[in-house]
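Taking it in order: structure first as structure tokens, then the write-up.
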């Protein structure tokens, strides 16, 4: 049987990836073994149930997920004990009907089992006072919607929230919002 175009692309990508990684002196593999290792890794990522395929389908709306883009200033990041997720607080433009306080909340994936989520939470903690555009996946959890952060782009500093006075105001808002959110969850239970 002749090699398919897709198989050829996977093998070429594996050759490129294997060539760019340093050789591990503790586990010296031949170049063919290194390519086989990469082919195996790539093939598992192409599986219908892989995290990579699931995330791609979510971001392209193929799984029915709703994707939103939220522009705002990062006020703070807290760890939610009940879900082990990072909670990101953003100051956005208030909307009279939908968001009168102008505070948006997004969550990361679980911090205890997802390295990318932990990386994003740590980066965003350093970006307090900066404007970002956050890409969130809206998920239904029980009877309510949760916004899960997939990606963000930094668009610059916000002069007010980047100042000492603004930073103190951001901490106060985050504390009040986190308490309000935590109390609301306890009431629901």
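Readers should treat all values here as calculations from the given coordinates under stated rules, not as data from a laboratory. The shown structure was predicted, so the numbers you read here are calculated from the model rather than taken from an experiment. Every residue, glycine as well, gets a Cβ built from its backbone with ideal geometry; the counts of neighbours run over all protein chains shown.
Remarks
- Over region 1-77, the hull volume per residue, using the convex hull of the C-alpha atoms, is 199 Å³.
- Between region 11-51 and region 126-184, the Cα center-to-center distance that results, in Å: 38 Å
- Peptides 74-84, 31-41 ranked from most to least packed by the mean count of surrounding Cβ atoms within 10 Å: 74-84, 31-41.
- Rounded tilt (10° steps) of 115-126 against the dominant C-alpha axis of the chain: 40 degrees
- Interatomic Cα distance distribution for the chain, bins of 10 angstrom, percent: 8, 27, 28, 18, 13, 6, 1
- For the chain, the share of DSSP beta bridges that are antiparallel, to the nearest 5, is 95%.
- Relative to the longest principal axis of the Cα atoms of the chain, the long axis of helix 31-45 makes an angle of roughly 40 degrees.
- Rg and Dmax of region 34-108, based on Cα coordinates, read 18.0, 58 Å.
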